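Comments concern the structure below.
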Amino acid sequence: MLEWENRNPTQLAFIDPGKPTQNPFVESFNGKLRDECLNENDFLNLAHARIVIEEWRIEYNSERPHSSLNDLTPDEYRKMWEDKQKKLTLAMV
């Protein structure tokens with residue numbers, strides 16, 4: 001990663017150790033994943049873990065409303081955003 005950063009005009013920004021509040025969105029998601037999926041399942045092997053986690057991810061993104069998205073699912077919100085972008089694009093033509 002550092003090699004790539006040196007070749008490209010970017011500046012890496014890291015979260016300070018012990019400061020999860022610097023990225024609360026990821027910390028919130030990580031907490032939900034841990035509490036609702038990882039802590040609730042006994043995985044038989046890596047393949048089983050992948051299946052269970054993927055099922056949880058699909059439910060999280062497709063079926064569960066999120067208050068931060070005005071109680072839409074992420075999939076519903078994405079579709080709404082895409083439709084809005086299409087209308088804006090057509091209005092510019």
Practice task
Pairs only if they're at least six apart or on different chains, beta carbon under 7 angstrom, first in the range 63-81 and under 17 Å from Lys32 (Cα atoms), second in a helix (DSSP H, G or I) and not charged (D, E, K, R); list them, first residue then second.
Solution key: His66/Pro74; Leu69/Tyr77; Thr73/Asn61; Thr73/Ser62; Pro74/Asn61
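Name the residue that is most open to solvent (accessible area, probe 1.4 Å), counting only residues in the range 6-43 that are among the hydrophobic types (A, V, I, L, M, F, W, C) and farther than 20 Å from Glu59 by Cβ.
Start the filter on the range 6-43 by keeping residues that are among the hydrophobic types (A, V, I, L, M, F, W, C), which leaves 12-15, 25-26, 29, 33, 37-38, 43.
Then keep just the ones that are farther than 20 Å from Glu59 by Cβ; that gives 12-15.
Numbers: Leu12: 54, Ala13: 97, Phe14: 135, Ile15: 83 Å².
Looking at the filtered set, the residue picked out is Phe14.
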Fill in the blank from the handout: If we keep only residues of the range 44-93 that are open to solvent by less than 60 Å² (accessible area, probe 1.4 Å) and of a type in the set (Ser, Thr, Tyr), then the residue nearest to the chain's Cα centre (by Cα) is Tyr60
Exercise for the section: Look through the range 10-52, keep the residues that are part of a helix (DSSP H, G or I) and among the aromatic types (Phe, Trp, Tyr), and return whichever of them is modelled with the highest pLDDT. Expected result: Phe29
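The values are calculated or read from the model by the stated rules, or taken from the named source; none is laboratory data. All figures in this text were calculated on a predicted structure; none of them were measured in a lab. Because the Cβ atoms are built from the backbone with ideal geometry, glycine has one as well, and the counts that use them run over all protein chains shown. For accessibility, only protein heavy atoms count, side chains too; no ligands or nucleic acids. Shrake-Rupley method; radii C 1.70, N 1.55, O 1.52, S 1.80 Å.
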